[in-house]
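To start, the structure itself, in structure tokens.
The values are calculated or read from the model by the stated rules, or taken from the named source; none is laboratory data. It should be emphasised that the depicted structure is a prediction, and the values quoted were computed from it without experimental measurement. In this analysis, Cβ positions are derived from the backbone assuming ideal geometry, glycine residues included, and neighbour counts consider all displayed protein chains. To get the accessible areas, we keep the full protein, side chains included, count just its heavy atoms, and leave off ligands, DNA and RNA. Shrake-Rupley method; radii C 1.70, N 1.55, O 1.52, S 1.80 Å.
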Amino acid sequence: MASGRLDRWVSQTTELSRKEAGILIRRGEIQVNGEVVKKAAAQIPDGAEVFWGDDLLDVAPPIYLMMHKPAGLVCANRDGLYSTVIDLLPPEWSRDVHIVGRLDLDTTGLLLMTDDGDWSHRVSSPRRAVGKVYEVSLADPLVSSAENAFADGIKLDGEEKLTRPAVLQRIDDQHVTVTLFEGRYHQVKRMFAALGNKVETLHRSQIGQLQLDADLKPGAWRELTPDEIELATQSLQVPDAD
Ligand code: URA
């Protein structure tokens, strides 16, 4: 089993909060490899057996969730001003998950959450270039050179390095699909701003080969199936833009 802090371990494997787990530990109710340990911050070695009375506290399996993010919620664990996407989850899920690839306040669509740091790295690491697909509506008709500009790389305001080659597929002059292989701050909006246009609505429909479940209403979420966990890490095959 993986190593980690004792209070985190106890709270992850029971219904207890981290604080309640700390109280239990300080009371001497938790044993690690047959010894009482009273320090909440104690590090648990790999393969340790942690007991609460007669109960072996086995680590819960990792959490993998997809949500249909609605507009108006912030992608953060906490925010002083707005409700967050994490607020939509029950406490047993929300305590430990982090968001894989944030979306802006007004962006909707596929959002992944997990407590598995290795998996989120595989999904979002720019080195692996798992594609992310966005459906975009634009304020103005798109210039004819836009497909080439996206394929060649665009210089964003305030940055030196061109964007990585991206795929723009035109549905009509004000509706497009964009596939990105990196995730810079407000990237889609800034790419269109660089072409003199403005994004009106932005919706993420796919990450890697995983599509947003069409049955999930905005604000709804569910666990990923084992196949979906893999699909999210698999590179997209994008048809040529022309
Ligand atoms: N690009 C943006 O500009 N915003 C998002 O929310 C995601 C990608």
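Couple of notes before you dig in:
- Qualifying residues in region 182-201 (those that are small (Gly, Ala, Ser) and in a loop (DSSP other than H, G, I, E, B)) - the one nearest to the ligand (Cβ to nearest atom): GLY183
- Among the candidates ILE171, ILE99, ILE86, ILE63, residue that is within 14 Å of the ligand (Cβ to nearest atom) and either β-branched (Val, Ile, Thr) or modelled with pLDDT of 95 or more (or both): ILE99
- When each of LEU88, LEU57, LEU110 is tested for being within 14 Å of the chain's Cα centre (by Cα) and either in contact (Cβ under 8 Å) with a residue 60 or more places away in the chain or within 28 Å of GLU20 (Cα to Cα) (or both), the lone residue that passes is LEU110.
- Filter pass, TYR134 being aromatic (Phe, Trp, Tyr), under 28 Å from GLN211 (Cβ atoms) and at pLDDT below 90: no
- Within region 22-44, the residues that satisfy the criterion of being open to solvent by 70 Å² or more (accessible area, probe 1.4 Å) and not in a strand (DSSP E or B) are ILE23, ARG26, ARG27, ASN33, LYS38, LYS39.
- Every test in (1) closer than 30 Å to PRO218 by Cα; (2) among the basic types (Lys, Arg); (3) open to solvent by 80 Å² or more (accessible area, probe 1.4 Å) is passed by LYS19 save one, and that test is (1).
Yes or no, residue by residue, for (1) more than 17 Å from PRO218 (Cβ to Cβ); (2) touching a Lys or Arg at 6+ places or on another chain (Cβ under 8 Å); (3) crowded, with 21+ Cβ neighbours inside 10 Å:
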{"position": "ARG95", "(1), (2), (3)": "yes, yes, no"}
{"position": "GLY101", "(1), (2), (3)": "yes, yes, no"}
{"position": "ASP104", "(1), (2), (3)": "no, yes, no"}
{"position": "LEU110", "(1), (2), (3)": "no, yes, yes"}
{"position": "ASP116", "(1), (2), (3)": "yes, no, no"}
{"position": "TRP119", "(1), (2), (3)": "yes, no, no"}
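- Close pairs from region 173-196: first within 14 Å of LYS132 (Cα to Cα) and of a type in the set (Val, Ile, Thr), partner within 12 Å of the ligand (Cβ to nearest atom) and open to solvent by 40 Å² or more (accessible area, probe 1.4 Å), Cβ under 6 Å, at least 6 apart: THR177/GLU135
- Top-ranked residue in region 202-242 [being more than 18 Å from the chain's Cα centre (by Cα) and surrounded by 14 or more Cβ atoms within 10 Å (Cβ to Cβ); ranked as nearest to the ligand (Cβ to nearest atom)]: VAL238
- Unmet requirement for ALA166, which otherwise passes all of (1) small (Gly, Ala, Ser); (2) closer than 30 Å to GLY4 by Cβ; (3) within 16 Å of the ligand (Cβ to nearest atom): (2)
- From the options VAL123, VAL136, VAL130, VAL176, residue that is in a strand (DSSP E or B), in contact with a strand residue (DSSP E or B) (Cβ under 8 Å, 6 or more places away or on another chain) and more than 12 Å from the ligand (Cβ to nearest atom): VAL176
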